[in-house]
Amino acid sequence: MLLEGLSREQLQRMLSAGEEVLECYRVLEKVEANVVGEIIKGQGTFYEWDHYPEGDVYDNETHAQYYYHAHRAEAGEHGHFHTFVRHEGIPEHIVPIENTGDTEWPTGDDVICHIVAISMDKRGYPTHLFTTNRWVTGENWYRGEDVEALIDRFDIDHAFPSWPANRWLTAMVALFRPQIVDLLRRRDSRIEQWREEHPDVDVFEDRELEITSISGISVNQQIKQIKHALGSA
C-alpha cells in the first residue's frame, strides 16, 4: 500500500487536499459544471492536440504551469492535463540530465520539468495518472527523485481560467502524491529497460515509447484509505 510509512502530518496534508477536491466538485456541480468544462469554455471549437486554454496556464509566483488537451480517444479518455514546474521554480541544485542525443532540449528560462498527467473522462472527472517520455511534452529530463522534490511546488494560485479548476488541479497533485512518486520510479525503470532493449535508439525521442507509467485512481477511494491510515496511526 502506497500510504504505508507516511507520517501523520503527510496523511493529514493529503486529506486536506482531498477535501478541497471534493469542495471544488461541490461548487461546480451546483451550476452543472465540471473541471474540464471550466478549462475549455469560451475557447471555440475543441480540437485534438491544441492546448487549452490558449497559451497554457502559468503562475508567475510559483512558476507552475499546466494545459489540457486531447489525443488519446482510443484510451477511453476525453483528454488530459499536463502539469509542470518551469525553470524559475526549480532550485539550482536540481538539474536535468545531460542531453546526449541530437534533438535539442529547452535551455535557459525555457527549461521545464513535467510532473504528471491526469486523464479525464467525458464527464470531466479523473480516471488515471500517467507519466510520459520526454518527446511527448518537449521537456527537459529530470531524474525521478528530483521530480519528486518538485511535486509540492506545483501550485496554481490565481483565478485564470477558473478558480475552482486551478484549486482542484493543485489539490489533485497533493492528494495523489504517493502515486505520483511511484509512477516516477516506474517511469525511470521503464526508460532504463527500454534503453537496454533498444541500444541503437535515443530512448527519449523514440516514438514507440510514449506512456512510461500509468495508474488508475479514485478520489473517494484515496480519501477513504487516508482516513483509515490516520485511524491506524
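The values are calculated or read from the model by the stated rules, or taken from the named source; none is laboratory data. What you see is a predicted model, and the numbers here were worked out from it, not measured in a lab. Positions of Cβ are generated from backbone atoms using ideal geometry, with glycine treated the same way; all protein chains shown enter the neighbour counts. Just the protein is used for accessible areas: all its heavy atoms, side chains included, with ligands, DNA and RNA removed. Shrake-Rupley method; radii C 1.70, N 1.55, O 1.52, S 1.80 Å.
Go through the range 175-185 residue by residue and turn each phi into a ³J(HN,Hα) via Karplus (6.51, -1.76, 1.60, θ = phi - 60°); whole Hz please, and just put x for glycine and proline.
Each residue's phi maps through the Karplus curve to give 4, 9, 3, x, 5, 5, 4, 4, 5, 5, 5 Hz.
Run the simple label-point estimate for ASP109 and GLU92 please: 7 Å along Cα→C-beta, distance reported in nm.
In this crude spin-label approximation the distance works out to 1.9 nm.
When the Kirkwood radius is taken over all Cα pairs of the chain, what Stokes-Einstein diffusion coefficient follows at 10 °C and 1.306 mPa s, in µm²/s?
86
So, with a 1.4 angstrom probe, what is the percent of accessible area on the range 7-59 that is carbon and sulfur?
Heavy-atom surface of the range 7-59 belonging to carbon and sulfur, 1.4 Å probe: 48 percent.
Using a 1.4 Å probe, how large is the accessible area of LYS224, given in Å² and rounded to the nearest 10?
Result for LYS224: roughly 130 Å² accessible.
Which whole-Hz couplings ³J(HN,Hα) result when phi for each residue of the range 74-86 is put into the Karplus expression 6.51 cos²θ - 1.76 cosθ + 1.60, θ = phi - 60°, listed in order with x for Gly and Pro?
Once θ is set to phi - 60°, the couplings for the range 74-86 become 5, 8, x, 9, 6, x, 8, 8, 10, 10, 9, 10, 8 Hz.
How would you classify the range 32-73 from its alpha-carbon gyration tensor, with a ≥ b ≥ c the square roots of the eigenvalues: rounded for a/c under 1.5, else prolate if a/b is greater than b/c, otherwise oblate?
prolate
Hey, in the GNM for the chain with a 10 angstrom Cα cutoff, which one of ASP56, ASP109, ASP202 fluctuates hardest?
Ranking ASP56, ASP109, ASP202 by mean-square fluctuation puts ASP109 first.
Run lengths n ≥ 4 of DSSP H only: what is the helix-derived mean residue ellipticity at 222 nm for the chain, with -39500 (n - 2.57) per run over all residues, to the nearest 500?
Taken over the chain, the calculation gives -11500 deg cm²/dmol.
Would you mind checking the range 122-144 for residues with the amide N under 19 Å from a putative spin-label position 7 Å along Cα→C-beta of ASN99?
Answer for this model: 132-144.
If you build a Gaussian network model of the chain, linking Cα atoms that sit under 10 Å apart, which residue out of GLU139, GLU148, GLU74 swings the most?
GLU74
Take the residue pairs LYS30/LYS224; LYS30/LYS122; LYS41/LYS224 and return only those whose Cα atoms are more than 26 Å apart.
LYS41/LYS224
Would you work out if the range 1-136 is rounded, prolate or oblate? Take a ≥ b ≥ c from the square roots of the eigenvalues of the alpha-carbon gyration tensor; rounded if a/c is under 1.5, else prolate when a/b is larger than b/c, oblate otherwise.
oblate
Counting only heavy atoms of the protein chains, get the accessible area per residue of the chain (1.4 Å probe) and round it to a whole Å² value.
On the way: 11760 Å² over 233 residues.
In whole numbers, the chain has 50 Å² accessible per residue.
If R0 is 22 Å, what FRET efficiency do you get for GLN193 and THR137 from their C-beta distance, rounded to 0.05?
0.60
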